[in-house]
1. Residue-wise, which Karplus ³J(HN,Hα) couplings in Hz belong to the range 46-63, taking 6.51 cos²θ - 1.76 cosθ + 1.60, θ = phi - 60°, and x for glycine or proline?
2. Could you work out [θ]222 nm for the chain from helices alone, using -39500 (n - 2.57) per DSSP H run of at least four and dividing by all its residues? Round to the nearest 500 deg cm²/dmol.
3. Residue 36 to residue 69: FRET efficiency via 1/(1 + (r/R0)^6), r the Cβ-Cβ distance, R0 30 Å, to the nearest 0.05?
4. From the cross-link list 34/128; 95/116; 51/127; 69/128; 116/143, which pairs have alpha carbons spaced over 31 Å apart?
5. Quote to one decimal, in nm, the extra length available between residue 118 and residue 27 on full extension: 0.36 nm per residue of separation minus the C-alpha distance between them.
6. Nothing charged except the Cβ atoms of Lys and Arg (+1) and of Asp and Glu (-1): what's the magnitude of the dipole of the chain about its Cα centre? Round to the nearest 20 debye.
7. If you stretched the chain out fully between residue 58 and residue 143, how much longer would it get, using 0.36 nm times the residue separation minus the C-alpha to C-alpha distance?
8. Please list, in order along the range 78-90, the HN-Hα scalar couplings obtained from phi with the Karplus expression 6.51 cos²θ - 1.76 cosθ + 1.60 (θ = phi - 60°), rounded to whole Hz, x for Gly and Pro.
Amino acid sequence: MKYKVSIDINKPIEHVTRLFKDRTNDKLWMKGFKAKTPIEGHEGEEGARCKVEFQLGKRYFAMEEEILKIDLPDEYITTYTTPKVFNVVKNSFEKIDDNSTRYSTEQDFQFKGIMKIMAFFMPGAFKKQSMSYLKDFKTFAEKQ
């Protein structure tokens, strides 16, 4: 399953990309974020891998994040892996004008087992969650 979502942020691109690149900010804007534990490499650098944990209501889940490429504002590519889901995420930022930035993510999901069925019947839920994170980041970036 592939899709793209975007949102406009009322801040200059340099401001937005600086906040996004600093992965220690994740806990300040990602709903449900619990912890990030390094596995390999240095956090926020290409090749770094870490375990990321979330608690959304009663649902706990963990995944492995790997940073594949950092070339901001054009690309910030990561993968997220669980036993049943593999997700490649390409984040990009586009200057709209001196005070506005378009933040886009391209999602490419691959599913196994029961997750294949859920994705087939509920593709909108994945897009909705992605858009929720974009809105959260927008709110965070505009307050900084």
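Each reported figure results from applying straightforward, stated rules to the coordinates on display, with no laboratory input. None of these values were measured; they are calculated from a predicted model. Note that each Cβ is placed from the backbone with ideal geometry, even for glycine, and that neighbours are counted across all protein chains shown.
1. 4, x, 5, 10, 8, 8, 10, 10, 10, 9, 10, x, 8, 8, 9, 8, 10, 8
2. On the way: 4 runs with 42 residues, N = 144.
Computed ellipticity for the chain at 222 nm equals -8500 deg cm²/dmol.
3. Working: r = 19 Å, r/R0 = 0.64.
Efficiency, rounded to the nearest 0.05: 0.95.
4. Numbers: 34/128 21 Å; 95/116 36 Å; 51/127 23 Å; 69/128 25 Å; 116/143 38 Å.
With Cα atoms farther than 31 Å apart: 95/116; 116/143.
5. On the way: separation 91, 0.36 × 91 = 32.76 nm, distance 2.76 nm.
The span from residue 118 to residue 27 would gain 30.0 nm if fully extended.
6. Details: 26 positive and 22 negative charges, 187 e Å.
Charge dipole of the chain: 900 debye, to the nearest 20.
7. Values: separation 85, 0.36 × 85 = 30.60 nm, distance 2.90 nm.
Answer, rounded to one decimal: 27.7 nm.
8. Rounded to whole hertz, the list is 10, 10, 10, 10, 10, x, 10, 9, 10, 10, 9, 10, 10.
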